[in-house]
Structures are given as C-alpha cells and as structure tokens.
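Remarks on the structure that follows.
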Amino acid sequence: MKFEEHAKQRLDNWKGENEWNEWDAKKLITESQEELVDCYNYLNQLLLRHKSLNGIIAKSVSECKMIYERLEKLKQR
C-alpha cells in the first residue's frame, strides 16, 4: 500500500463518523508526533548498528526531527 493510501485509510478509521474540531486536530498531531519519536528512536538505533548507512539514516533522523517541530508549530495555532 502506498504511503498516501495508508495515511488516508488511517485518517478515515480514526475520524469515523465524528465531525472534526480543534481538539481532534491537536490529538491527531500529538499522535503523529509520538509516532515520529518512535521512528526517530528506531533510526538512531540503526545508526549505531549500521555504520555504512550513516548518511542515509542521519538524513532520515534529521527529517523526523524537522517534521516533529513543524507539527508542534501547527499544534500551537
């Protein structure tokens, strides 16, 4: 399943029949941040184990952190 399809499916499952409101959006952002933290931690563990992939993994770690920070700014709105 492509990322976009998976994201839409998860969103549809999470949303259900409810109308969206600000609280729902902030909750979804927080859940996304938690998943990013898990991804960030996993990638850091890979960095320790696979020195040959340092450049690729380090870039992914950096992107996780950047996305997390963007979500935090969005949540502040």
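Read-outs: derived from the displayed coordinates by stated rules, not from any lab. Note that the structure is predicted; figures quoted are calculated from it, not measured. Glycine also receives a Cβ, built like all others from the backbone with ideal geometry; neighbour counts cover every protein chain displayed.
To the nearest 10 degrees, how steeply does helix 54-76 sit against the main Cα axis of the chain, on a 0 to 90 scale? Approximately 30 degrees, to the nearest 10. Taking all Cα pairs closer than 8 Å and separated by 6 or more residues, the relative contact order of the chain comes to 32 percent. The HN-Hα couplings worked out from phi for region 25-37 by the Karplus form 6.51 cos²θ - 1.76 cosθ + 1.60 (θ = phi - 60°) are 4, 5, 5, 5, 4, 4, 4, 5, 5, 5, 5, 5, 5 Hz, whole numbers, x standing for Gly and Pro.
Over 29 Å between Cα atoms, which of LYS8/LYS75; LYS27/LYS51; LYS8/LYS73 qualify? Numbers along the way, then the final one.
Values: LYS8/LYS75 20 Å; LYS27/LYS51 36 Å; LYS8/LYS73 22 Å.
Table pairs above 29 Å Cα-Cα are LYS27/LYS51.
For region 18-76, taking Cα atoms only, Rg and Dmax work out to 14.2, 47 Å respectively. In the chain, if the dipole is taken from +1 on Lys/Arg beta carbons and -1 on Asp/Glu beta carbons about the Cα centre, which of SER32, LEU48, HIS6 is farthest to the positive end? Towards the positive end, the residue furthest out is LEU48.
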